[in-house]
Amino acid sequence: MRRWALGLFLAILFAVVFLIGLTTRGATPARTAEGTTIGGLIASDMDRGQLLSALEQAGKQTPSQVTVTLGERSQVVTAADFGINVDASATVDKALAESGSSRRWWFFGRTQGKDVAPVLVEDDPVAARLRERLVRVADVPESHGGVKAAAGTIIAVPPAAGQSLDPSVVGSALRDSLGRLPWPPAITVPVTVLPAHVTPEAVEALVAQARTQLTDPPRLITADRSFGPLTTLGAHLDIAPLGTTAGHGIELRLKASARDAIAVPAAEELSIDPQEPKVSAPAATALLREQGTVTWRPRPASVSVVAEGKPGQAVTADAVLQTLTAHLRSTTPAAEITAPAKTEQPKATTESVRRIDAVLGSFTTPFQCCPARVHNIRLITKTIDGTVIGPGQQFSLNGIVGPRTAAKGYREAPFILDGELSKDIGGGVSQFATTALNAAFFAGLKLDRYQPHSFYISRYPAGREATVNFPGIDLRWTNNTGAAVLVRAATTDNSLTVTLYGENDKRVVSGVSGPRVPVSGKDFRITITRTVEVPGRKPVTSRFTTTYNKPPEEH
């Protein structure tokens, strides 16, 4: 009986211990097992409060900046820029659940701790921006070698391998490194090496060829001019690939810097502006100033050619670059290199100028207000006076004058901006535009572009006036006659006159001003009808309609 009772007792005891082990093994323990770590941080035999405290201390040890090494490059990243944080509460739950308890016994012995990965929370937009940033820093294309000017000669820069970085690799490497607590001060992210496809010997061979060409720096020449010697050419040399696969060739090229440093100044020095024929004609005098309906006929004038036109030559920066590149690739040294030049004819031929015999069109407007404004008008008058526009050529006020700046002598004066009176450098030149527009109007020339003021100015003809502003608002007309047109412009103490001299083909130009029609919410609308009649041709009628806003109260 005793043996039977003892056996029964032992069996019951074993079952109870077994069931207790099963029950406690499935529950969340109150403490971690001995030997537990969290991302390398010691967390052995700790309860929840101790674990949270340990994680808090680890957070305080987090460096404010971490150096991320990316192959041959590196980047300093602030902790906030990673977009990755440790979820302390979730990490503690995980550690207690996964590590086992140091105070619970299993039938075969005590539970052993392990390393638990912390729970990381990632801010996707922030983390994505960092990955993109690191990829930009890390990606380095392979170098095909280069050329460097030093001590009066050029030396070869050997080829070098490049590197690339996979964005997904960046994310994994950062998460792995930031899963160690406390965070490390430095992280290494693996990159892919891009081997060079060119040998150092190939680079040296090209540089040796360049040395031969530049030992005695060449000059750029045309038939009439020269530029150089090109002593700085070596500083703008580079080596470029002829392919992307292993064993591809390389060639000498010019860097982008060669354009501004050499090609542009060379092109300017080698180019020659064509000389327009010089014409002697009476100065502009007041002949027409009416604002309403007007009929005009050309008036005979004494005009003579005092100097014939001469062609010029144009050399472009692109042509200079192409010429220099071809020279560098040649095996034959040369002291002079011929730059290609294109002949440029004058805008007006001497023959077309000789046909000028009349005042084709003219107009005069009065001065009003301000010495600075009158100064600007006189300045633009001097710039445009004497301009010759050949048959089929276009007159552009902005194209001839360019921006009106203080450096050119223009002063601040009143002008109209967005329908309001204001002041700016060059104010007042719209009076020249209005006067020139009317001269072209009564000359019967083709009006390509003009923009009236936003509100009506009483000293100008309604519907026959213009404003200008560089570069957007321009006055343009085309010489659609068979002879050249000479622009003469002059000022008096109280007025401006623009006169256009051309061929008297007996034309009659009439400008009819329509009624001023009131417009709701605005001021009025007016239509100007121009008819150009030339004997033997069909009359040409054009209509120009302008709608004016109400003027500012202070106007």
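Quick look at the values:
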{"quantity": "Of Lys347/Lys408; Lys278/Lys446; Lys423/Lys522; Lys382/Lys446; Lys347/Lys506; Lys446/Lys550, those spanning more than 27 Å from alpha-carbon to alpha-carbon", "calculated": "Lys446/Lys550"}
{"quantity": "Ordering of 230-242, 433-445 by packing [mean C-beta count within 10 Å, highest first]", "calculated": "433-445, 230-242"}
{"quantity": "Net lengthening on full extension, Thr215/Ala256 (0.36 nm per residue, minus Cα-Cα)", "calculated": "12.5 nm"}
{"quantity": "The chain, relative contact order [Cα under 8 Å, separation at least 6], %", "calculated": "11 percent"}
{"quantity": "Estimated FRET transfer efficiency (Glu268, Thr232; beta-carbon r; R0 25 Å; 0.05)", "calculated": "0.95"}
{"quantity": "Sites Val137 and Leu52, calculated FRET efficiency, Cβ-Cβ separation with R0 25 Å, nearest 0.05", "calculated": "0.10"}
{"quantity": "Extension gain from Asp87 to Ser495, taking 0.36 nm per residue of separation minus the Cα-Cα distance", "calculated": "138.6 nm"}
{"quantity": "Order by protection proxy (mean Cβ within 10 Å, highest first), peptides 485-496, 40-51", "calculated": "485-496, 40-51"}
{"quantity": "Long-range amide H partners of Arg253 with built H, under 5 Å", "calculated": "Asp238, Ile239, Ala240"}
{"quantity": "Proximal aspartates and glutamates to Lys538, defined as alpha-carbon separation beneath 17 angstrom and excluding residues fewer than eight positions away on the same chain", "calculated": "Asp505"}
{"quantity": "Near-label residues of the range 42-74 by backbone N, under 16 Å of a point 7 Å along Cα→Cβ of Val126", "calculated": "59-60, 62-66"}
{"quantity": "With Cα atoms, 0 to 90° folded angle of helix 48-60 axis to the chain main axis", "calculated": "40 degrees"}
{"quantity": "Computed lengthening from Asp318 to Lys446, 0.36 nm per intervening residue step minus Cα-Cα distance", "calculated": "42.6 nm"}
{"quantity": "FRET E, pair Lys114, Thr245, Förster distance 51 Å, beta-carbon r, rounded to 0.05", "calculated": "0.55"}
{"quantity": "Ordering of 211-219, 473-481 by burial proxy (mean other Cβ atoms within 10 Å per residue, highest first)", "calculated": "473-481, 211-219"}
{"quantity": "Option label - Kirkwood radius over Cα pairs in Å computed here, alternatives [x] 27.0; [y] 32.7; [z] 24.7", "calculated": "[y]"}
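Every number in this text was worked out from the coordinates using simple rules, so none of it is lab data. These numbers were taken from a predicted model, which means no experiment stands behind them. Note that we place each Cβ from the backbone using ideal geometry, even for glycine, and neighbour counts take in every protein chain shown.
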